[in-house]
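The values are calculated or read from the model by the stated rules, or taken from the named source; none is laboratory data. Everything numeric here is computed off the predicted structure, so don't read it as measured data. Positions of Cβ are generated from backbone atoms using ideal geometry, with glycine treated the same way; all protein chains shown enter the neighbour counts.
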Amino acid sequence: MSASSVIMVPYALASVAVARQRLSADLIACGVYAGAVDDTVLVMSELLSNALRHAHPLATGQLRVAWACSESHVEISVSDGGAATEPRAGRPTLSSLGGRGLGIVEYLAVRWGVRHEDEATTVWAVLHAPQPARNGQPRTTGMGTLREVV
């Protein structure tokens, strides 16, 4: 099963919780395993939080959050009005209070990147989003059988 969604959220901290709930509900409805849902929601939260902290809103005063779910992957993206610097994974010291968000994204995602289009900057990530096979049995991959850990 595949699904996709685009939501426009206010340029406000409360938008992170709203986007997390919507993404989580959509992925669960698609049948994505709980661990993959958690990882994907965490990555989206990091991307959206970074946009709120470091970038400007789109011309509408909002941010765009989008996701597309296939049978094995989910792509998420957050678009904003751009910032003075390019998003990149930092290497914070042990005592740093922040700077780990894109490092988390880099660790959990299959790949991630930044694209510039018109007046927007979009940070995107692709994550594994395994789902059970249609017959209810776990899907087999080259790495063995995917099973949900409860």
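Looking at SER15, SER49, just one residue is surrounded by 15 or more Cβ atoms within 10 Å (Cβ to Cβ), at pLDDT 95 or above and hydroxyl-bearing (Ser, Thr, Tyr), and that residue is SER15. Only residues that are at pLDDT below 65, part of a strand (DSSP E or B) and either closer than 15 Å to HIS73 by Cα or β-branched (Val, Ile, Thr) (or both) were counted in the range 115-150, giving 3.
Cβ-Cβ distances below 6 Å connect the following pairs, each with a first residue in the range 61-81 that is crowded, with 20+ Cβ neighbours inside 10 Å, a second residue that is modelled with pLDDT of 95 or more and basic (Lys, Arg), and a separation of six or more residues or different chains: SER79/ARG64. Could you tell me whether any residue of the range 54-65 is within 13 Å of VAL78 (Cα to Cα) and touching a helix residue (DSSP H, G or I) at 6+ places or on another chain (Cβ under 6 Å)? For the range 54-65, residues within 13 Å of VAL78 (Cα to Cα) and touching a helix residue (DSSP H, G or I) at 6+ places or on another chain (Cβ under 6 Å): present.
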